[in-house]
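Pasting a structure here, questions to come.
The values are calculated or read from the model by the stated rules, or taken from the named source; none is laboratory data. This is a predicted model, so every value here is computed, not measured. Here Cβ is always computed from backbone atoms with ideal geometry, including for glycine, and neighbour counts include all displayed protein chains.
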Protein chains: 2
Amino acid sequence: MSDAKLVGSDRVLAVLAELARHPNGIGLEEMARAVDSSKPTVHRALASLRRAGFAAQNGHGRYLLGNEFLRMAFAHQEARPDHVRVMPVLEALCDRYGETVHYAVLDGTSVVYRSKLDPPAGAVRLTSVVGGRNPAHCTAVGKILLAEALRDEDAVRAWVGDRTLERPSERSIGTAEELHAELVRIRDQGYATDDQENEPGVNCVAVPAYLTSPTVPSGAISVSGLAYRTPLRKLVNDLPAIRAIVTEKDPW
Amino acid sequence: MSDAKLVGSDRVLAVLAELARHPNGIGLEEMARAVDSSKPTVHRALASLRRAGFAAQNGHGRYLLGNEFLRMAFAHQEARPDHVRVMPVLEALCDRYGETVHYAVLDGTSVVYRSKLDPPAGAVRLTSVVGGRNPAHCTAVGKILLAEALRDEDAVRAWVGDRTLERPSERSIGTAEELHAELVRIRDQGYATDDQENEPGVNCVAVPAYLTSPTVPSGAISVSGLAYRTPLRKLVNDLPAIRAIVTEKDPW
DNA sequence: GATATAAGTTCCAATTATTGGAAGATTATG
DNA sequence: CATAATCTTCCAATAATTGGAACTTATATC
């Protein structure tokens, strides 16, 4: 967001985004500071949002995201075609392994999580969230999709460009050379792993998902585990069974 | 929404709401018809939404809800205090019974679902959704909360007012007298049931939840079951165990 | 309970943004 | 390739938005 002041609907959407960052609610003055606008202007923006059901006011006059906003988002997600298609697979994997499972797609240099399923039992939650993103080069879902998309070292170098690859953990890949070598391994073995590369303490394996075509993956499916209770070796040993579950549900 | 044409930010929010109704995407002209506006106007509204990350355009020029919108909503929900507080209970119940569980609060004459957890295994999905609502008088969560809030027949009559209580199924309560009698029973037994009253084929039991006070319920927790595989009698027999799980996680 | 402070709400003159018909550009279809 | 469908841009005319000031309500303090 530039230094330029927001106007009209851009400002209302900024207010909506700011509301979402405050699960405990926010006051009018704090919101006005956050979006760099006067109180009457923010008051009118909140009035618009309230009319749409996207904001509400609690008993103390503080503003909260409204029910309708959450209903819209959750209902939309339930009806999303790729979500509907992938859920039987995610349910089967989640039920079988008792770990968090994801479906993600490439989006630029990141992966975006389209679907996520947590087991009911299991105290610790991962930081991924539907609609959220992570760098593709240090996630299992990202690497399996890059293995398909970047078939040689020139393609890998072009993809990296002049960026410095971010390294969320010490185990993260940091250079085009390392990434290329990893993608060669992945193509050879047909799956990708994340050995605490994206998030310390979290392991993951991923395979491609063919939701819309028998030959071009639409995304990738992963099974994650907390390193202390689900070593990567165990996840890797389960790959034949994981593939079988994923393939069994293919529409091909 | 009145017949009056929407302007400015109200229109942008209407476009956002309409986008959410189209998980397969929507074209510009269809959207213009849906929000009763000209194409250039809707085009600018979509441009605002795209700047905020709330809309995106697929390869065919059709518009979809954007990743950022879903991320915001899902991340917000994960951080919502009542959701954080109730999740350990819902996880324990869902793991134990392998059925869908909810936490809901009263909102006017409806209940609003604040949290929902589905078991990984189980083919059929219920229609409830986070942020969504149902009439209080024909849901287990609604009835247990009304039992607490409406202590005598006058209060029940006042609550019904001059409304005709909607009856989503033949088993739904339809009069103030019937509702009062039911609430007396519920107060006596300390739990509520939904014997396919809100949704054909779905049974449910609910108990009050004391997330923020030891004496005033903040909402209700329910365990639902499909009638064909989880008879209501079985859910009722499980109530002592359900209560134990709910109480064990109380912060009191 | 009275007073002060904090926060939300309304007013309205001045200013800026929005609107939609028309036209242009791009994509899809036969 | 021609045509139709759909998305995108332009700009004169029109309407909405803005924020300082003031008002109202709620909360905190003495």
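Looking for whichever is within 10 Å of another protein chain (Cβ to nearest Cβ), surrounded by fewer than 19 Cβ atoms within 10 Å (Cβ to Cβ) and more than 20 Å from B:Y210 (Cα to Cα) here; the options are B:R11, B:R21. Which one fits? Working first, answer last.
On the way: B:R11 fails: surrounded by fewer than 19 Cβ atoms within 10 Å (Cβ to Cβ).
Within the list B:R11, B:R21, the selection yields B:R21.
Looking for whichever is more than 8 Å from chain B (Cβ to nearest Cβ) and touching a helix residue (DSSP H, G or I) at 6+ places or on another chain (Cβ under 7 Å) here; the options are A:V130, A:V101, A:V112. Which one fits?
A:V101
Still on this model: Among the numbered criteria (1) within 14 Å of the chain's Cα centre (by Cα); (2) on the phi < 0 side of the Ramachandran plot; (3) part of a loop (DSSP other than H, G, I, E, B), which one does A:G131 miss?
Only one criterion is unmet by A:G131, namely (2).
Next question. Which numbered condition trips up A:E170, out of (1) more than 22 Å from B:P120 (Cβ to Cβ); (2) touching a helix residue (DSSP H, G or I) at 6+ places or on another chain (Cβ under 8 Å)?
Result: A:E170 passes all but (2).
Matching residues to (1) touching a residue at least 24 places away in the same chain (Cβ under 8 Å); (2) of a type in the set (S, T, Y):
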{"residue": "B:Y103", "(1), (2)": "yes, yes"}
{"residue": "B:V129", "(1), (2)": "no, no"}
{"residue": "B:L145", "(1), (2)": "yes, no"}
{"residue": "B:L150", "(1), (2)": "yes, no"}
{"residue": "B:V160", "(1), (2)": "no, no"}
{"residue": "B:E178", "(1), (2)": "no, no"}
{"residue": "B:R185", "(1), (2)": "no, no"}
{"residue": "B:D195", "(1), (2)": "yes, no"}
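For the structure I just gave you, tell me whether B:E91 is more than 12 Å from the chain's Cα centre (by Cα), facing chain A (nearest Cβ under 8 Å), farther than 21 Å from B:Y191 by Cα and acidic (D, E). Working first, answer last.
Numbers: more than 12 Å from the chain's Cα centre (by Cα): yes; facing chain A (nearest Cβ under 8 Å): yes; farther than 21 Å from B:Y191 by Cα: no; acidic (D, E): yes.
No: the conditions fail for B:E91.
Considering each of A:A55, A:A47, A:A32 in turn, give the residue that is over 25 Å from A:K116 (Cα atoms), within 16 Å of DNA strand D (Cβ to nearest atom) and in contact with a strand residue (DSSP E or B) (Cβ under 8 Å, 6 or more places away or on another chain). Don't jump to the end; show me each part of the working.
On the way: A:A47 fails: in contact with a strand residue (DSSP E or B) (Cβ under 8 Å, 6 or more places away or on another chain); A:A32 fails: in contact with a strand residue (DSSP E or B) (Cβ under 8 Å, 6 or more places away or on another chain).
Of the residues listed, the single one that is over 25 Å from A:K116 (Cα atoms), within 16 Å of DNA strand D (Cβ to nearest atom) and in contact with a strand residue (DSSP E or B) (Cβ under 8 Å, 6 or more places away or on another chain) is A:A55.
Here's a check for you: in segment B:34-47, which residue that is aliphatic (A, V, I, L, M) and within 13 Å of DNA strand C (Cβ to nearest atom) is surrounded by the fewest Cβ atoms within 10 Å (Cβ to Cβ)? Write out each step before concluding.
To start, the set of residues in segment B:34-47 that are aliphatic (A, V, I, L, M) comprises B:34-35, B:42, B:45-47.
Checking which are within 13 Å of DNA strand C (Cβ to nearest atom) leaves us with B:35, B:42, B:45-47.
Values: B:V35: 21, B:V42: 25, B:A45: 26, B:L46: 22, B:A47: 13.
Checking each candidate, the answer is B:A47.
May I ask you to say which residue of A:R50, A:R80 is surrounded by fewer than 21 Cβ atoms within 10 Å (Cβ to Cβ), over 30 Å from A:D162 (Cα atoms) and either touching a helix residue (DSSP H, G or I) at 6+ places or on another chain (Cβ under 8 Å) or more than 7 Å from chain B (Cβ to nearest Cβ) (or both)? Give the steps one after another, and end with the answer.
On the way: A:R80 fails: either touching a helix residue (DSSP H, G or I) at 6+ places or on another chain (Cβ under 8 Å) or more than 7 Å from chain B (Cβ to nearest Cβ) (or both).
When all the criteria are applied, what remains is A:R50.
What is the one condition in (1) touching a helix residue (DSSP H, G or I) at 6+ places or on another chain (Cβ under 6 Å); (2) of a type outside the set (D, E, K, R); (3) within 16 Å of DNA strand D (Cβ to nearest atom); (4) touching a residue at least 40 places away in the same chain (Cβ under 8 Å) that A:L64 does not satisfy?
Single failed check for A:L64: (1).
Report yes if A:Y97 is of a type in the set (F, W, Y), in contact (Cβ under 8 Å) with a residue 40 or more places away in the chain and within 27 Å of B:V223 (Cβ to Cβ), otherwise no.
Values: of a type in the set (F, W, Y): yes; in contact (Cβ under 8 Å) with a residue 40 or more places away in the chain: yes; within 27 Å of B:V223 (Cβ to Cβ): yes.
Against the criterion (of a type in the set (F, W, Y), in contact (Cβ under 8 Å) with a residue 40 or more places away in the chain and within 27 Å of B:V223 (Cβ to Cβ)), A:Y97 qualifies.
So, in segment B:53-79, exactly how many residues are of a type in the set (A, V, I, L, M, F, W, C) and out of contact with any Gly (no Cβ under 8 Å at 6 or more places or on another chain)? Let's see the steps before the verdict.
Quick first cut of segment B:53-79, residues of a type in the set (A, V, I, L, M, F, W, C) only: B:54-56, B:64-65, B:69-70, B:72-75, B:79.
Among the residues that remain, those that are also out of contact with any Gly (no Cβ under 8 Å at 6 or more places or on another chain) are: B:65, B:79.
Residues that pass the stated criteria total 2.
Look through segment A:48-57, keep the residues that are more than 10 Å from DNA strand C (Cβ to nearest atom) and touching a residue at least 12 places away in the same chain (Cβ under 8 Å), and return whichever of them is farthest from B:V130 (Cα to Cα).
We begin by selecting, within segment A:48-57, every residue more than 10 Å from DNA strand C (Cβ to nearest atom); these are A:48-49, A:51-56.
Of the ones still in play, those that are also touching a residue at least 12 places away in the same chain (Cβ under 8 Å) are A:48-49, A:52-55.
Details: A:S48: 22, A:L49: 19, A:A52: 17, A:G53: 14, A:F54: 14, A:A55: 15 Å.
Across segment A:48-57, the extreme among qualifying residues is A:S48.
Does segment A:63-70 contain any residue that is modelled with pLDDT of 95 or more and under 20 Å from the mean Cα position of the chain (by Cα)?
So far as segment A:63-70 goes, yes, one or more of its residues are modelled with pLDDT of 95 or more and under 20 Å from the mean Cα position of the chain (by Cα).
Let me ask something else. Within segment A:26-37, is even one residue within 12 Å of another protein chain (Cβ to nearest Cβ) and of a type in the set (S, T, N, Q)?
Checking segment A:26-37: not a single residue is within 12 Å of another protein chain (Cβ to nearest Cβ) and of a type in the set (S, T, N, Q).
Could you figure out which of (1) surrounded by fewer than 17 Cβ atoms within 10 Å (Cβ to Cβ); (2) closer than 17 Å to A:T109 by Cα; (3) of a type outside the set (S, T, Y) isn't true of A:N198?
Among (1) surrounded by fewer than 17 Cβ atoms within 10 Å (Cβ to Cβ); (2) closer than 17 Å to A:T109 by Cα; (3) of a type outside the set (S, T, Y), the lone unmet condition for A:N198 is (1).
Against the conditions (1) under 20 Å from B:V111 (Cβ atoms); (2) assigned to a loop (DSSP other than H, G, I, E, B); (3) without any contact (Cβ under 8 Å) to a residue 40 or more places away in the chain, where does B:P217 fall short? Just the number, please.
The number of the failed condition is (3).
Does segment B:236-248 contain any residue that is free of Cβ contacts under 8 Å to residues at least 40 places away in the same chain and in a loop (DSSP other than H, G, I, E, B)?
Within segment B:236-248, none of the residues are free of Cβ contacts under 8 Å to residues at least 40 places away in the same chain and in a loop (DSSP other than H, G, I, E, B).
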